[in-house]
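**Q** Here it is: the structure, laid out below.
The values are calculated or read from the model by the stated rules, or taken from the named source; none is laboratory data. Note that the structure is predicted; figures quoted are calculated from it, not measured. Cβ placement follows ideal geometry from the backbone for every residue including glycine, while neighbour counts extend to all protein chains displayed. Ligands, DNA and RNA are excluded from the accessible area calculation, which covers all protein heavy atoms including side chains. Shrake-Rupley method; radii C 1.70, N 1.55, O 1.52, S 1.80 Å.
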Amino acid sequence: MLSTLLGYPDASLIEALTEIRMAITGHRAFAPTTRLDLIALVDRLAARALLDLQEEYVETFDRGRATSLYLFEHVHGESRERGQAMVDLLAMYEAKGLFLGSGELPDYLPVFLEFLGQESPTKARSLLAEIADINRRIATKLAELGSAYFAVVAALLPLAGEAPLDVAAPAKVVEQAIDGEALDREWQDEPVSFLGAPAPVSSQPQPIQFYDKRPPR
């Protein structure tokens, strides 16, 4: 469910929103405030035109590293060190019988969450804990920007056994475009570790895709 909400908006997402809203309302894994924040996002997605949602999504997640949903961008950026980490992550997927097609990278957070849905709760919690620092930074930045999407990433923290996000929900959703260059200038923290971030390889792999949700970057 969280993977779907974080994916690039399309017609299938819109069709699933009613079911997702019902599931969130009674889901005991979420604290009451988390449920309210997630429902607010669902209602926002349901109330806006699909094209507007798609434009907002690109402005939110594809214009700066601080809000990028590509996990290894927060570890290696676009450096060559990202390659081996990608290979190892892909091997984890394939070991569970999940194979990627062409067009996307395996460190895309919605893909990773879909993979965790195939794991045991204990294993899923452990892997979520490994990216908790990344998720906390993304959720904090999204909240600062007034993005309703902060609720989805923030919801991953308690699921990982981590403290909830200590940031107030946005008072209102910002309608203006996000300055990607400003986001990159603000992203000054040291890289964080994820799955060991192994040694570099000679070149990055070609983009690969788990499901067709997003337009070409």
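**Q** Here are some residues: A129, A124, A85. Which one is at pLDDT 90 or above, among the aliphatic types (A, V, I, L, M), part of a helix (DSSP H, G or I) and surrounded by 17 or more Cβ atoms within 10 Å (Cβ to Cβ)? Break it down stepwise before answering.
**A** Numbers: A129 fails: surrounded by 17 or more Cβ atoms within 10 Å (Cβ to Cβ); A85 fails: at pLDDT 90 or above.
Of A129, A124, A85, the one residue that is at pLDDT 90 or above, among the aliphatic types (A, V, I, L, M), part of a helix (DSSP H, G or I) and surrounded by 17 or more Cβ atoms within 10 Å (Cβ to Cβ) is A124.
**Q** Is it true that some residue in segment 59-77 is open to solvent by less than 20 Å² (accessible area, probe 1.4 Å), basic (K, R) and in a helix (DSSP H, G or I)? First the steps, then the outcome.
**A** So the first thing to find is which residues in segment 59-77 are open to solvent by less than 20 Å² (accessible area, probe 1.4 Å), and the list is 60-61, 64, 66-75, 77.
The next check asks that each one be basic (K, R); those that pass are none.
The answer is no; no qualifying residue exists.
**Q** Looking at segment 1-50, which of its residues are closer than 28 Å to P106 by Cβ, more than 17 Å from the chain's Cα centre (by Cα), open to solvent by 20 Å² or more (accessible area, probe 1.4 Å) and of a type in the set (A, V, I, L, M, F, W, C)?
**A** A11, I14, A16, A23, A29, L50
**Q** Tally the residues that are at pLDDT below 80 and among the hydrophobic types (A, V, I, L, M, F, W, C), restricting the search to segment 52-82.
**A** Let us first name the residues in segment 52-82 that are at pLDDT below 80, namely 75-82.
From the residues that got through so far, the ones that are among the hydrophobic types (A, V, I, L, M, F, W, C) too are 75.
So the answer is 1.
**Q** Tell me, yes or no, whether segment 4-12 has at least one residue that is more than 23 Å from P164 (Cβ to Cβ) and free of Cβ contacts under 8 Å to residues at least 40 places away in the same chain.
**A** Quick first cut of segment 4-12, residues more than 23 Å from P164 (Cβ to Cβ) only: 7-12.
Now restrict to residues that are free of Cβ contacts under 8 Å to residues at least 40 places away in the same chain: 11-12.
Looking for residues that are more than 23 Å from P164 (Cβ to Cβ) and free of Cβ contacts under 8 Å to residues at least 40 places away in the same chain, one finds at least one in segment 4-12, hence yes.
**Q** Now a separate question. Restricting attention to segment 88-121, which residues are modelled with pLDDT of 85 or more, part of a loop (DSSP other than H, G, I, E, B) and acidic (D, E)? Before the answer, list the steps.
**A** Going residue by residue through segment 88-121, those that are modelled with pLDDT of 85 or more are 88-99, 106-121.
Next, only the ones that are part of a loop (DSSP other than H, G, I, E, B) stay: 96-99, 106-107, 117-120.
Matches in segment 88-121: D107, E119.
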